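Shown next, in structure tokens, is the structure this report addresses.
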Amino acid sequence: MLILHCPHCGIDCDETELSPGGEAHITRHGPGASDEKVEEYLFLRENPKGVHFERWRHSMGCGKWFHAARCTMTLEVFGTYPAQTTEPPESIRKILSEKRPGWSWRDFA
Amino acid sequence: MSEPQSALPGAAFTGAAQITETGLRGMITLKGDLSATKLKNIAKKVSGVDMPEKRGANIKGDNGLCWMAPDELLILCPHMDAPTIVTQIDKALKGTHYLAVNVSDARAVFRVDGQGAREVLAKLTPADLHPDSFGPGEIRRTRLAQVPAAFWMTGPQTFEIVCFRSVAQYVFDLLSNAAKIQAQVDYF
């Protein structure tokens with residue numbers, strides 16, 4: 001069972017209060033984009049063993065979206081941050097570099 | 001005009017705690033920038049209580065202000081006052097980015113009162129209800145079994161619960177079942 005800290009209302013919420021929103025930091029490639037880009041946007045996802053970034057919604061609470069950085073292998077949660085960003089914040093990257101030296105995820109490292 | 005009816009008029013159950021449907025309650029959802037002076041002033045004016053802190057619930061009798069989200073307040077008031085209050089808010093916030101909706105008739109309100117009240121709710125929600133973690137002055141939006149709900153405390157052993165009207169019977173049944181005298185756990 002995951003317990004994630006909602007950065008909006010400050011509650012440490014149980015997974016059952018949240019709705020999963022899939023992978024985080026996906027760039028939307030819309031009309032006019034190349035077929036490869038649209039394919040990437042629609043279908044191509046990471047499936048890492050280790051560091052992963054996800055979207056979650058506090059659906060049974062404040063209703064806001066946030067992102068979580070966690071380890072798919074140990075279920076360790078490195079941190080959560082508001083969804084109004086296109087990349088993981090520096091504070092989260094620092095924690096990751098300490099706990100999982102040499103980590104990389106898509107273009108982030 | 002037809003008489004307004006609450007979801008389960010007179011529904012009550014007595015066990016480890018007393019469960020009652022409280023009847024009609026005025027509720028207004030106010031969305032907007034909660035740090036804006038105009039919004040704060042009108043919220044205070046219509047409710048008669050101070051702006052709540054994060055996750056706070058300032059309740060005085062039938063009136064109150066509850067913090068629902070970083071951009072949302074729930075205004076509590078007597079049922080018949082709600083339309084007037086919405087008009088007042090519309091007038092005060094005209095031209096700003098906000099939303100005020102009378103949601104009174106979309107909701108049901110229950111009161112859980114008595115020694116077992118904390119336990120009854122703790123059986124149904126993942127929220128931490130230990131007396132050290134949750135007490136009067138706070139609101140918690142969470143779930144009760146399978147449906148969203150919010151509650152706050154009006155006294156050391158009294159909870160008020162808000163849920164959607166469409167699930168009122170479900171929530172009443174849940175609470176009554178959790179409050180069965182044979183089902184006491186005496187955890188708190």
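In table form, for the structure just shown:
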item	result
Criterion: away from chain A (no Cβ under 14 Å), in a helix (DSSP H, G or I) and out of contact with any His (no Cβ under 6 Å at 6 or more places or on another chain) - qualifying residue of B:110, B:159, B:172	B:172
All positions within the range B:62-79 that are modelled with pLDDT of 95 or more, farther than 20 Å from residue B:36 by Cβ and open to solvent by 10 Å² or more (accessible area, probe 1.4 Å)	B:63, B:78, B:79
Residues that are part of a strand (DSSP E or B), away from chain A (no Cβ under 14 Å) and among the small types (Gly, Ala, Ser), drawn from the range B:48-103	B:64, B:100
Some residue of the range A:18-28 being part of a strand (DSSP E or B), within 13 Å of another protein chain (Cβ to nearest Cβ) and closer than 25 Å to residue B:161 by Cβ	yes
Of all residues making up the range A:29-71, the number that are closer than 30 Å to residue B:161 by Cβ, hydrophobic (A, V, I, L, M, F, W, C) and in contact with a Ser or Thr (Cβ under 8 Å, 6 or more places away or on another chain)	4
Some residue of the range B:127-142 being small (Gly, Ala, Ser) and closer than 17 Å to residue B:109 by Cα	no
Any hit, the range B:29-51, residues being surrounded by 20 or more Cβ atoms within 10 Å (Cβ to Cβ) and under 29 Å from residue B:119 (Cα atoms)	no
Pair list, Cβ under 8 Å, 6 or more apart: the range B:161-174 residue modelled with pLDDT of 95 or more, other residue open to solvent by 30 Å² or more (accessible area, probe 1.4 Å) and in a helix (DSSP H, G or I)	B:164/B:106; B:165/B:105; B:165/B:106
Residue satisfying all of: in the range A:5-63; of a type in the set (A, V, I, L, M) and under 13 Å from the mean Cα position of the chain (by Cα); least open to solvent (accessible area, probe 1.4 Å) among these	A:24
Qualifying positions in the range B:22-42 - away from chain A (no Cβ under 14 Å), out of contact with any strand residue (DSSP E or B) (no Cβ under 6 Å at 6 or more places or on another chain) and under 27 Å from residue A:11 (Cβ atoms)	B:33, B:35, B:36, B:40
Subset of the range B:139-156 that is of a type outside the set (A, V, I, L, M) and at the interface with chain A (Cβ under 10 Å from one of its Cβ atoms) - its residue that is surrounded by the most Cβ atoms within 10 Å (Cβ to Cβ)	B:141
Flag if residue B:127 is within 28 Å of residue B:177 (Cα to Cα), buried (at least 19 other Cβ atoms within 10 Å of the Cβ), in contact (Cβ under 8 Å) with a residue 40 or more places away in the chain and within 14 Å of chain A (Cβ to nearest Cβ)	no
Residue in the range B:125-148 that is within 26 Å of residue A:8 (Cβ to Cβ), out of contact with any strand residue (DSSP E or B) (no Cβ under 7 Å at 6 or more places or on another chain) and acidic (Asp, Glu) present	yes
Scope the range A:66-82; condition surrounded by fewer than 18 Cβ atoms within 10 Å (Cβ to Cβ) and of a type outside the set (Asp, Glu); matching residues	A:72, A:73, A:74, A:75, A:77, A:82
Criterion: among the hydrophobic types (A, V, I, L, M, F, W, C) and crowded, with 19+ Cβ neighbours inside 10 Å - qualifying residue of B:117, B:92, B:106	B:117
Subset tally (residues that are part of a helix (DSSP H, G or I) and aromatic (Phe, Trp, Tyr)) for the range B:175-188	0
Selected residue (criterion: nearest to residue A:52 (Cα to Cα)) from residues of the range A:72-109 that are part of a loop (DSSP other than H, G, I, E, B) and among the β-branched types (Val, Ile, Thr)	A:72
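The values are calculated or read from the model by the stated rules, or taken from the named source; none is laboratory data. Remember, it's a predicted structure, so these values are computed and weren't measured experimentally. Cβ atoms come from the backbone with ideal geometry, glycine included; neighbour counts cover every protein chain shown. What goes into the accessible areas is simple: the full protein's heavy atoms, side chains included, and nothing from ligands, DNA or RNA. Shrake-Rupley method; radii C 1.70, N 1.55, O 1.52, S 1.80 Å.
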